[in-house]
1. What is the sum of charges around A:Ala142, taking Lys and Arg as +1, Asp and Glu as -1, for the other residues whose C-beta is under 15 Å from the C-beta of A:Ala142?
2. If DNA, RNA and ligands are ignored and the probe is 1.4 Å, what is the ranking of B:Glu171, A:Glu328, A:Glu311, A:Glu252 by accessible area, most exposed first?
3. With a 1.4 Å probe and every protein chain left in place, tell me how much accessible area B:Lys139 has, in Å² to the nearest 10.
4. Please report the relative contact order for chain B, taking Cα pairs under 8 Å with a sequence separation of at least 6, and give it as a percent rounded to a whole number.
5. On the first, second and third principal axes, largest extent first, how far apart are the outermost C-alpha atoms of the protein assembly as shown in Å?
6. Quick one: of the DSSP bridges fully inside chain B, what percent are antiparallel, nearest 5?
7. Place the label 7 angstrom along Cα→C-beta at A:Glu63 and in each other copy, then list the distances from the first to the rest in nm, shortest first.
8. From the alpha carbon gyration tensor of the range B:2-93, can you work out the equivalent ellipsoid semi-axes (sqrt of 5 times each eigenvalue) and give them in Å, largest to smallest?
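The values are calculated or read from the model by the stated rules, or taken from the named source; none is laboratory data. Predicted model, so just to flag it, every value in this text is computed and none were measured. In this analysis, Cβ positions are derived from the backbone assuming ideal geometry, glycine residues included, and neighbour counts consider all displayed protein chains. To get the accessible areas, we keep the full protein, side chains included, count just its heavy atoms, and leave off ligands, DNA and RNA. Shrake-Rupley method; radii C 1.70, N 1.55, O 1.52, S 1.80 Å.
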Protein chains: 2
Amino acid sequence: MSRNDDFCAAARSLLGERGFTTDPELVDPWLTDWRGRYTGRAIGMASPASTAEVAALVKLAREQGVPIVPQGGNSGMSGGATPDASGDALVLSLRRMNRITRLDPDAREAVCEAGVILQTLHEAVAPHGLRFPLTLGGKGSATIGGLIATNAGGTQVLRHGSMRAQVLGLEAVLADGSVFDALVPLKKDNRGFDLKQLLIGSEGTLGIVTGATLRLLPALADRVVMWAGLPDVRTARRLLIHAEKMAGDALEGFEVMPRHSLNAVLAHNPRARAPLAQPHEWNALIELVADSATAATLADRAQAVLESAFEAGLVEDAAIAMNDAQAEEFWALRDEIAPAERAIGPAMQHDISVPVASMADFVAETLPLVEARFPGCTAVAFGHLGDGNVHYHVLAPAGAPRGEWEATQGKEISQFVHDLVTQWGGSISAEHGIGQMKVGELARLGDPVHLAILRNVKQALDPQGLLNPGKLVPLAPAPASH
Amino acid sequence: MSRNDDFCAAARSLLGERGFTTDPELVDPWLTDWRGRYTGRAIGMASPASTAEVAALVKLAREQGVPIVPQGGNSGMSGGATPDASGDALVLSLRRMNRITRLDPDAREAVCEAGVILQTLHEAVAPHGLRFPLTLGGKGSATIGGLIATNAGGTQVLRHGSMRAQVLGLEAVLADGSVFDALVPLKKDNRGFDLKQLLIGSEGTLGIVTGATLRLLPALADRVVMWAGLPDVRTARRLLIHAEKMAGDALEGFEVMPRHSLNAVLAHNPRARAPLAQPHEWNALIELVADSATAATLADRAQAVLESAFEAGLVEDAAIAMNDAQAEEFWALRDEIAPAERAIGPAMQHDISVPVASMADFVAETLPLVEARFPGCTAVAFGHLGDGNVHYHVLAPAGAPRGEWEATQGKEISQFVHDLVTQWGGSISAEHGIGQMKVGELARLGDPVHLAILRNVKQALDPQGLLNPGKLVPLAPAPASH
């Protein structure tokens, strides 16, 4: 305890009263991940106000061998920001570093400290006729640093890419307390491999993201949201290819939902309305957008996409949102799937990807395999078909006891799903990261060559293993591949 | 010699007669870089025909401690593919691995072996109504593997990004002979930091790229090429911002040339014609493009860009190419600058970048500094203003002896230019890489934190230092920063 007391005293002295606390009332809310799956303990919580303070704190922690768990909005999906049960680790909150330090409308760049909340950034750039082209459900809590550390995705990846594609510059504190400063955005820079890329998606295991320069895009001048009823998921894939050809860069969203998911939403939310008169086995939600340079032709292009899709026999029925309110209603149907299905009963949820070209076949072929292997369960896939990424849920048999069912059945179901994904050349983590939740599965299924590189790079940049220990990198050698 | 003889015998046995040679007639042409600046020696040249052969060869080289210099088209600009003078290293040519193994028009993906020549890829995808959105002067020799290893740029980076942005999947042989297989393209994959990104731009120092999955785009349905006369380079920057706002995604190229460069081309090539009646201090070459979805409106948009630029006082005069032949003439003026200026006399050329937002100021402020510091010299900058990347040439005083002038003056001039670039937060290598040419300058000017990461990752992935030794990574500790 005295080593810990020493550390806490030194941290408090370094960061001041606002910058360090051990008060359980203040610390405890941040020791459980927002899904409530993991709860840890901590030596205390630091909230530095600047990159220099982060660097000094990391040096202090290193001297005393204190592990550090960086944390942004604590809205990650894989327990990556939750400390372990030992109580040895320090939670390092970046939330006080929440300034947008520069906003250049001409260059279309914003420089943010790590703790800037996504929604705050959206609101700050809008008055300049700009937008930040990434959004997701947790936008009211997710921070720029966390989004970078997890390479977050969302519904706009189809056109704009994940967080990686938005990062023009980056600043991070490394394990030795040095500051990696690459905030200056250079569109071309070939001074060796791109070190920014190592930190993006590293979940705090290689360094602590303290700031970033982000790209902005012109605000949308118009959008058209369409809903299409489809006979099967393979037709959805053909419709996507069709829409890409017809709409080109205007295609900003393409989400698919099976009948089961739409029904769950309609049952869960009495105000929700089905966009089409008849039910269809599959549904596609399509968004076309335009900036001011292309807005004039957008409605025509949307009409043309649907008409030619009808002629090609790709859609059974379709509707175009008449106005913004209806467009929001269409999107709400998509966004409410997860809560609606949770209301039905327990489920194992999987965030997986396969090549875009294979996703329709993967869904069509593997859902029956899952249901055959786990009788009574319902397997449902929905989401970002255009990214080769679906949320793949296995719903418990009717009446299965919540909590107990997941505890007894969950691991076997998830392993079965992950095995299928791996056979199809896919990823067991498309957008939620590995965190602590999937570190075992990554060790079990990861390519030994990939795992060796992960370990070697981790060892090279954090030889003491103090940055977010237990997350992402399976440190034990993986079993030999067969 | 006997160790070398053993290695050669084993390599020949592994790869066959076509796969290994020590014949000076066959090897010597590949021991000098194409600019003729560096000449090395080699133990022999291997030309494996498959990834498995590359892997076996790397294992063999590792056992015997033989350094490997990977080589594609040998058209790099920084000596990165040329062995040193010791004669200890093996040149590993990827040129026999030249198959496009898969081309999927629906998914818009091509899987290429490393030795596929860029122009071959362009020609292979065109019949499918597709294009590969990266091109450069050396397209007839540059290979996909080399383009990836150097993260090549070109004139389309403005809209489509450098080679990094085109790589959907990657395969490489690592220093221990293991095969890193990430060829399967996953649009979303968050199983840790993206290991592909480490290999892109690593110049063969971390692994040998053996194949890649590349993204393709719809073929162009139309393009409009414009030439604008401008009073100064800062106006060029304002015109760029204007064109981005008006033309949006249609803006594919924006190159700038000073009066000096255009004059050099007109003097060098008697058939070249100036696009505008009067000379202007600066010129901008602007290309707008459209695929079939947006072609209908392209001519109108181009007209609107120029008209409003006139109204805003951004251009002095302008011309729109009347047809494809004239468009090619406009581009030829840009492409002939380098040879035209070489014809004038010796010059020190620099491939540098600063933030896009700063480039106009950088050019305006630093050219006079260079000319003041080196009396009689002429400093000229031209190229990719929209990428923050210009070719920054310092031309010798009239009558300076070619060869001798570069040898006596060159280093001091380049250091002066690189110092300026560094003061402005820029990069001493925008698109040509570090190779052996700039490794000293990188050590001198690189941020010690960046250099430490480069070294640590190099050490982690190639502990014996056998992959392209002497290139890119300054292994000696950098002097302390001041």
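1. Working: positive: A:Arg35, A:Arg95, A:Lys139; negative: A:Asp33, A:Glu113, A:Glu123, A:Glu203, A:Glu431.
Surrounding charge for A:Ala142 is -2.
2. Values: B:Glu171 30, A:Glu328 95, A:Glu311 155, A:Glu252 5 Å².
Correct descending sequence by accessible area is A:Glu311, A:Glu328, B:Glu171, A:Glu252.
3. 80 Å²
4. Details: 989 pairs, mean separation 71.1, N = 482.
Worked out over chain B, it gives 15 percent.
5. 91, 65, 64
6. Values: 62 of 70 bridges.
Counting only bridges with both partners in chain B, antiparallel ones make up about 90 percent.
7. From this label point to the equivalent ones elsewhere in the assembly: 5.1 nm.
8. Details: eigenvalues 87, 37, 28 Å².
For the range B:2-93, the semi-axes come out at 21, 14, 12 Å.
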